[in-house]
1. Which length gain, in nm to one decimal place, applies between residue 51 and residue 23 when the Cα-Cα distance is subtracted from 0.36 nm times their residue separation?
2. Could you check the spin-label model distance between residue 104 and residue 131? Points 7 Å from the Cα along Cα→Cβ, value in nm.
3. Less than 10 Å Cβ to Cβ from residue 81, Lys/Arg counted +1 and Asp/Glu -1: what total charge do the surrounding residues give?
4. Points 7 angstrom from Cα along the Cβ direction at residue 95 and residue 79: gap in nanometres?
5. For residue 70, what charge total do you get from the other residues with a beta carbon under 15 Å from its beta carbon, if Lys and Arg give +1 and Asp and Glu give -1?
Amino acid sequence: QLCELSQGEANVDFGLEELAPDSAWAAAARRENGAAAAAHGGGDHFAGGDSGSYAWSQTEEEVEVCVRGAPSGRGAAKRVGVAYGRGRSLRVCFDGKVAVELPELFDAVVPDGCAWTLESGVLALTLEKADARPWATLALELTKA
């Protein structure tokens with residue numbers, strides 16, 4: 001559905017397939033944003049963020065998620081549980097309690113290419129992207145109509 005606005009702009013409803021990260025318009029937008037960043041002296045600018053319980057950042061090939069509140073001390077690694085949901089989700093548990101649950105990641109990761117480490121109460125996860133490209137966000141939060 002298209003609605004003309006006063007200054008020649010328009011609101012457009014997108015179909016679900018058009019929201020895919022590999023859609024033509026999304027790929028074009030990434031190229032244009034990369035070119036604009038390069039023109040302004042910046043290198044690659046990738047999305048990242050901090051939700052309070054965890055922070056995330058990325059490169060073209062990997063996503064790093066740092067989860068706060070991880071156990072520490074002797075035997076701490078045995079008190080951590082991490083599941084990648086066939087590469088489409090992320091679940092982190094400390095002492096059997098869910099610390100972070102992301103039911104649908106922005107894009108797929110390669111579970112065998114993922115790893116984690118513990119240091120000073122922070123669990124640092126490195127997730128290998130299945131497709132090397134920037135993510136707009138860590139997780140999708142689609143609502144069903």
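Readers should treat all values here as calculations from the given coordinates under stated rules, not as data from a laboratory. Only a predicted model underlies this, so the values are computations on that prediction, with no experimental measurement involved. As a convention, Cβ positions derive from the backbone with ideal geometry for all residues, glycine included, and neighbour counts pool all protein chains shown.
1. Details: separation 28, 0.36 × 28 = 10.08 nm, distance 2.75 nm.
Length difference between fully extended and current span is 7.3 nm.
2. 1.5
3. Net local charge, residue 81 excluded: +3.
4. 0.6
5. Working: positive: 68, 74, 78, 79, 91, 97; negative: 64, 95, 119.
Once positives and negatives cancel, what remains is +3.
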